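Participant: Next up is a structure, given as structure tokens.
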Amino acid sequence: MNKLFFRGLVWLMVVGLFTACNEDDDDPTPMPDPDTDPIAVELEVRTVTDLPADPFTGEDDMGRPVGKNQFTFYSLENQTIVAREDSASSNWDIAFQGTNIIINGGPDRFGEGGAYIFEGTFEELQSVDPTRFIVDGVDNDVNDSDLAIPTGSTNGWYNYNPAIQVATPIPGRILVIRTASGKYAKIEILSYYKGAPESPTNEDESRYYTFRYVYQPEGTNF
Amino acid sequence: MRQNILLLLWSIASVAVQAQSDTLVSQDLSEVVVTATRTEKTLSAIPMPVTLIKKTQIQQIGSLRLNEILQEQTGLAIVADHGQGIQMQGFNPEYTLILIDGEPLVGRTAGTLELSRLAVGNIKQIEIVKGPSSSLYGSEALAGVVNIITEQPANTTATLTARYGSNETSDLSTSFNVRRDRLGIYGFVNRYGSSGYDFTPATFGQTVEPFHNYTLQTKLNYDFTEKAKLTVSGRYFWEVQDNNFDVGEAQAPNLISGEGRIEDKNLQAIYDHQLTRAWRTELRTYYTAYDTESELFYQSDQSLYESTFFNQDFIRLENIHEYFLTDKHILTAGIGNIWESVAASRYEDLNRFQTQYAFFQYEWLPDEAWNIVAGGRVDRHSVYGTQVSPKLSLQYTFSEKLSLNASVGRGFKAPDFRQLYLNFTNTVAGYSVYGTEELPSILAELQAQNQIEEVLIDPSLIGDIQAETSTSYNFGARLNPLKRLRGDINFFRNDVTNLIESQTVAVRTNGNRIFSYQNLSSIFTQGIETNWTYQLSSTLQVSAGYQYLEAKDREVLDQIDEGALFRRDPATLQTVRVSRSEYGGLFGRSRHMGNFKIFYEHPEKGIFTNARVIYRGRYGFGDRNGNLVLDQDNEYVPGYATLHISAGKDLYQKRLRAQVGADNLLNYRDEANIPNLAGRLLWASIQFKIGNQP
């Protein structure tokens, strides 16, 4: 318990330092291109810490941990969690439940969303490729969905290591998102565990997303 | 032929001389080995890297099982994956062929042949050939060969050995040797048992559960004439081990208990006939079987949790001819047939293989300096096709102080039963694994039932699998720069293609994945191995060995060069590119390994003692930053050294020997990463000998 607390503390300090740096001078945003971006907007890198994604609340009859099987909806534009009651709307852009990620676009959704996975670093992703976006398919069940961000180890955003029972975001996979209102964002998932420990173990609390993202309200360049 | 006899006489003489001086760890180059060329040759005349471990060394360090003696040899690492096997030249255990008196042992679990199944009390010597030997031995001899030569009936003696040590480990052995004119009989009985140990007392089930096993071995020699000799030998191994584990959750334990049994049988008959002065032939027949069964029960209500079995049979018939064209041209040729079968709870039927093979070897000794061995083997396998494995080895002897050798060869490993025939479905985790021979029909059936959502591999590759192959180069030198200093150095390089890995091949409509095996990756291993021995005095000898190793995946290197491999910066967790220098190669390989040993022996006083330090450098354990590749410090198991000591005294004209020892004296432990490394083990043993050989 102490160890977890300590780790959390360290993480908060690291995050604090990191965001502090960003606010000052460490701006990775490239100079806007006046041709494609007539209105130059200062793009900030936002970090979301420990977003709960249906964390475990109990056990099933077999003693396996279970959550409530509910997605957490998130608005990239407003940087807020969107209430479940409001989920049948275009007020959210992306939602998380366990390792499943859905976007607000597709036949069973409510917005104009879409997504694709870019391979490279966060900084290298300078502009979106509008031809690559795909949308979520029709919902079946959670394990059999045709999602824009594929489920399953190695397919989408994470690798699962059965030897140590840990899911790790695959480095170099950047989620490119078209929001419910047709704007663009890029997301790098940093951790799936509470407190974003450097090397999570299966003792750490899972289903807590830490990610950083840039939201572009105008145009296709970051 | 004359040379052969001379060679034999010389070797007998040298062994006799050796009994006086007893060089323990150094490679006495006049020792005779048989594994490298399938003919009797002195170590100095073998143009490829060979290690010889003599009985004296095994006894003086006090090894009981094969893994204990092998782990102290340069360049060999014990790796635990469903049993303890050896890693040679950076290859996993499944790529090293383990022979007993020249015949293969079977019974591998996930590729690993459990070396602790083999007692060493009945071993005369162990010969290790590094580099591919498929040109003589066929499949599995890709990294090399370990050949265990058991005792030959000689003299009339009997021994009784008893040993007791930490973890209630007991070992009781008796052996006898009878030689009457034409008949020789050797017998060996061993019981080995332990209470095991537990690194995780909080959880149900020990790290190593209590076990006991028995080994019975006998060998019978009968010389019909000087020229016609028969050897019949048999070995029987039987082990029982407890099994305890918990399948429940922390708050709601669900305990499982039961017993696992292993049986291992070998039966061998060799008829050796000197047809003419120049022509010798050998007819070899061999049968071995490996059987396991395990029954596990819920402790709560004694109902059956799981019952599994595995039965493997292997029969081999082989005929070898050795022909001396002249003293300088020696031909060896052999043909053989192998019948194999496996039945197991995870296989659908009884599955059978057959292999026909022929090999040929030409040894040419053009002059005093040159020694050339060229050969090859063809294996025709009933399931996966034909393999051709050539090998060429050269040696040039400059003087007694220096000889150089070089060899190039091809090795292969056939797809195993699991890769061909596995038929396993895990309903809880929701996946299936099928061997490549099972896959086409199962996939077709599921497709007909509309149960397949998507096939993920090229349909032409379904059911297609080939042997894993390597091309290897060894280049070495044997040196004797000073009278008391002797050493060798060997550079090796292995290029391996067609490595078989499991892969998702299809997804079912219910989302469950179907795995099968495919030839996927290419790797290489390369490095340097060197061994040195210095005779400080007539009683004191020191030796040191070192191996540098690199083992890398070519696809990963390509990915790095394309800039397509990433990792997570541990401080910020953000993505950065992996560079070539950060890539640590394949998991489980130490870049640096070494050993340092001191042996003291005073034959007149009957005292001996030794200390051995075995070092294994850090090696990759598993991915922690999501890219499945070894590239970060916390993905390594820290390097470590273990110290082992032993001392003994011979009493009453060597009729009695008392010995004590400590394995891992400094009690190095890494419970999380190396559970098979027990802590400090103290032991004491006593041996009685009777008979006409002191």
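The values are calculated or read from the model by the stated rules, or taken from the named source; none is laboratory data. What you see is a predicted model, and the numbers here were worked out from it, not measured in a lab. Using ideal geometry, Cβ is built from the backbone for each residue, glycine included, and neighbour counts are taken over all protein chains shown. Accessible surface is based on the protein model in full, side chains and every heavy atom, while ligands, DNA and RNA are left aside. Shrake-Rupley method; radii C 1.70, N 1.55, O 1.52, S 1.80 Å.
Participant: Per residue of B:344-357, count partner chain C-beta atoms within 10 Å of its C-beta, then hand back the mean as an integer.
Facilitator: Values: counts 0, 0, 0, 0, 0, 0, 0, 0, 0, 0, 0, 0, 0, 0.
For this peptide, the per-residue mean of nearby foreign Cβ atoms is 0.
Participant: Could you rank the peptides B:534-544, A:92-102, B:134-144 by their average count of other C-beta atoms within 10 Å per residue, with the highest value first?
Facilitator: So the peptides B:534-544, A:92-102, B:134-144, ranked by packing, come out B:134-144, A:92-102, B:534-544.
Participant: Quick one, what does Rg over Rh come out to for the range B:292-357 if you take C-alpha atoms and the Kirkwood Rh?
Facilitator: Result for the range B:292-357 is an Rg/Rh of 1.40.
Participant: Give the share of C-alpha pairs in each 10 angstrom bin for chain B, from 0 to the last occupied bin, in whole percents, shortest bins first.
Facilitator: 3, 13, 24, 28, 20, 9, 3, 0, 0
Participant: If each of B:D670 and B:T207 carries a label point 7 Å out from its Cα toward its Cβ, how far apart are those two points in nm?
Facilitator: 1.3
Participant: Right, here's the next one. Taking a point 7 angstrom from the Cα of A:E218 along the C-beta vector, which residues in the range A:169-208 have backbone N less than 19 Å away?
Facilitator: It comes to A:179, A:181-186, nothing else.
Participant: In the protein assembly as shown, carbon and sulfur make up what percent of the accessible area (probe 1.4 Å)?
Facilitator: 55
Participant: Run the quick spin-label model on A:E119 and B:H82: label points 7 Å from Cα toward the beta carbon, then report their separation in nm to one decimal.
Facilitator: So the two model labels end up 3.1 nm from each other.
Participant: Do you know which residues of the range B:233-264 lose at least 40 square angstrom of accessible area in the protein assembly compared with their chain on its own, with a 1.4 angstrom probe?
Facilitator: So the qualifying set is B:E249.
Participant: What FRET efficiency comes out for the pair B:L656/B:Y236, r = Cβ-Cβ distance, R0 = 30 Å, nearest 0.05?
Facilitator: Working: r = 30 Å, r/R0 = 0.98.
Between B:L656 and B:Y236 the formula returns 0.55.
Participant: With every protein chain left in place, what is the accessible area of B:W238 in Å² (1.4 Å probe, nearest 10)?
Facilitator: Approximately 90 Å² of B:W238 is accessible to the 1.4 Å probe.
Participant: Here's another thing I want to ask about it. What are the equivalent ellipsoid semi-axes of the range B:555-669, built from the alpha-carbon gyration tensor (square roots of five times its eigenvalues), in whole angstrom, biggest first?
Facilitator: 49, 13, 9
Participant: Can you give the accessible area buried between chains B and A, summed over both chains, with a 1.4 Å probe, in Å² to the nearest 100?
Facilitator: What B and A bury together is about 2200 Å².
Participant: Using helices alone, what [θ] at 222 nm do you get for the protein assembly as shown, with -39,500 (n - 2.57) per DSSP H run of 4 or more residues, divided over all residues and rounded to the nearest 500?
Facilitator: Taking each H run of at least 4 residues, the total per residue is -2500 deg cm²/dmol.
Participant: Further, regarding this structure: Placing +1 at every Lys and Arg Cβ and -1 at every Asp and Glu Cβ, with all other atoms neutral, what dipole size does the protein assembly as shown have around its Cα centre, in debye to the nearest 20?
Facilitator: Working: 78 positive and 114 negative charges, 1213 e Å.
It works out to roughly 5820 debye.
Participant: Also: In the full protein assembly as shown, how much of B:K552 is accessible to a 1.4 Å probe, in Å² to the nearest 10?
Facilitator: Estimated to the nearest 10 Å², B:K552 gives 30 Å².
Participant: Quick check: the distance between the Cα centres of the range A:74-145 and the range B:67-92, to the nearest angstrom?
Facilitator: So the separation of the two Cα centres works out to 49 Å.
Participant: Got a sec? Which residues in the range B:215-252 would a label at B:D181 touch, if it sits 7 Å along Cα→Cβ and we count backbone N under 15 Å?
Facilitator: Once the point is set 7 Å along Cα→Cβ of B:D181, B:222-226 turn out to lie under 15 Å by backbone N, inside the range B:215-252.
Participant: Quick query: amide H of B:T35 versus all other amide H atoms, modeled in the peptide plane; which residues come in under 5 Å with a sequence gap of 5 or more or a different chain?
Facilitator: Here nothing satisfies the definition.
Participant: With r defined as the distance between the Cβ atoms of B:D301 and A:E205 and R0 fixed at 45 Å, what FRET efficiency is calculated, to the nearest 0.05?
Facilitator: Details: r = 34 Å, r/R0 = 0.75.
Plugging the Cβ-Cβ distance into 1/(1 + (r/R0)^6) gives 0.85.
Participant: Would you rank B:E454, B:E340 by solvent-accessible area, highest first, keeping every protein chain in place and using a 1.4 Å probe? Show your work: numbers first, answer last.
Facilitator: Details: B:E454 95, B:E340 35 Å².
Greatest to least solvent exposure: B:E454, B:E340.
Participant: Using only Cα positions of the range B:501-558, each an equal point scatterer, no hydration layer, compute I(q)/I(0) via Debye at q = 0.19, 0.28 Å⁻¹ and quote the log10 values to two decimals.
Facilitator: Those come out to -0.84, -1.05, one per q.
Participant: What FRET efficiency, computed as 1/(1 + (r/R0)^6) with R0 = 60 Å and r the Cβ-Cβ distance, is obtained for B:A333 and B:T174, rounded to the nearest 0.05?
Facilitator: Taking R0 as 60 Å, the efficiency between B:A333 and B:T174 is 0.90.
Participant: Right, here's the next one. Which aspartates and glutamates have a Cα lying under 12 Å from the Cα of B:K649, excluding residues fewer than 8 positions away in the same chain?
Facilitator: B:E601, B:E604
Participant: Here is a follow-up. So what does log10 I(q)/I(0) come out to for the protein assembly as shown at q = 0.05, 0.08 Å⁻¹, using the Debye formula with one equal point on every Cα and no solvent?
Facilitator: These q points yield log10 I(q)/I(0) values of -0.36, -0.85.
Participant: I've got another one for you. Taking 0.36 nm per residue of sequence separation and subtracting the Cα-Cα distance, how much length would be gained by fully extending the chain between B:N450 and B:S538, in nm to one decimal?
Facilitator: Taking B:N450 through B:S538 to full extension adds about 23.8 nm, to one decimal.
Participant: A further question follows. For the full complex of protein chains and a 1.4 angstrom probe, list B:E239, B:E295 by accessible area with the highest value first.
Facilitator: B:E295, B:E239
Participant: Here is a further query. How much accessible area per residue does the protein assembly as shown have, in Å², with a 1.4 Å probe?
Facilitator: Using a 1.4 Å probe on heavy atoms only, each residue of the protein assembly as shown averages 44 Å².
Participant: Residue by residue through the range B:304-319, which ³J(HN,Hα) values in whole Hz follow from phi under the Karplus form 6.51 cos²θ - 1.76 cosθ + 1.60 (θ = phi - 60°), with glycine and proline marked x?
Facilitator: The phi angles translate into 6, 8, 7, 10, 10, 8, 8, 10, 10, 10, 8, 10, 9, 10, 9, 10 Hz.
Participant: Label-point separation (nm) for B:T471 and B:L325, each offset 7 Å from Cα along Cα-to-Cβ?
Facilitator: 2.7
Participant: Still on this structure, please answer the following. About the Cα centre of chain B, what is the dipole size in debye to 20, counting +1 per Lys and Arg Cβ and -1 per Asp and Glu Cβ, all else neutral?
Facilitator: 3020
Participant: If only Cα atoms are counted, what is the Rg of the range A:45-216, and what is its Dmax, in Å?
Facilitator: For the range A:45-216, the Cα-based Rg and Dmax read 15.3, 49 Å.
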